[in-house]
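The values are calculated or read from the model by the stated rules, or taken from the named source; none is laboratory data. Quantities reported herein were computed from a predicted structural model and do not represent experimental measurements. Just the protein is used for accessible areas: all its heavy atoms, side chains included, with ligands, DNA and RNA removed. Shrake-Rupley method; radii C 1.70, N 1.55, O 1.52, S 1.80 Å.
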Amino acid sequence: MAVPMKLKFEKYWDECCLVLSVAVVLDHRYKMSLVEYYYNKIHSSLAAPYIKNVHNAIFDLFNEYEDCLSHSKVESSQEVHASSNEVHSIDDELSGFDSWYEKKSNLVATHKTELEMYLEEPLFPRSESFNILNWWKANSAKHPTLAKIARDILAIPATSVASEAAFSVGGRIIDECRSSMLPETIEALVTTQDWLPTRKQKSI
């Protein structure tokens, strides 16, 4: 019994371990440090390929999101530039400053990516009241690309199936009682909460 359950767990783990590791990296309390710690603990001397796989995955994901955002930024900047032509014609003395500042910003941006700066920052102190979604909401201006990745990755549920059902080797059996409910019974089960008076109505 244990052997087929172990095989089923390993199949499940192979499919979800990477996205779970990426989610850990997006947690400001752990980042790559926790990934390295546990992979070294689990695989010891063979942990390097697993860690590199997570590292490559987060960088590939970041580059993909950054490319999408850069296209949208180019379109918006073209619109802003078109609307600001009239302003430049009025005060043309600072047009040279605008181009200089844009080149300077691009040089600074190409020195280190947003992801690299995020990974180099010290870990956030761990606490029970920490809310990772609130943290990303508050720091979305500082890490705009990573905030969008966190919004999409952290919204994925780890699983919607009970663990005993996911790794059970037995078949799923629906008895006649469950498979032969009348439509009225199903409707009653779905709408029972609407039929029952709420506490608020009782208080009124």
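A compact table of results
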{"item": "Hey, P49 assigned to a helix (DSSP H, G or I) and at pLDDT below 85 or not", "result": "no"}
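Okay, residues lined up against (1) among the hydroxyl-bearing types (S, T, Y); (2) open to solvent by 100 Å² or more (accessible area, probe 1.4 Å); (3) modelled with pLDDT of 90 or more:
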{"position": "M1", "(1), (2), (3)": "no, yes, no"}
{"position": "K11", "(1), (2), (3)": "no, yes, no"}
{"position": "L18", "(1), (2), (3)": "no, no, yes"}
{"position": "V22", "(1), (2), (3)": "no, no, yes"}
{"position": "K31", "(1), (2), (3)": "no, no, yes"}
{"position": "Y39", "(1), (2), (3)": "yes, no, yes"}
{"position": "N53", "(1), (2), (3)": "no, no, yes"}
{"position": "A57", "(1), (2), (3)": "no, no, yes"}
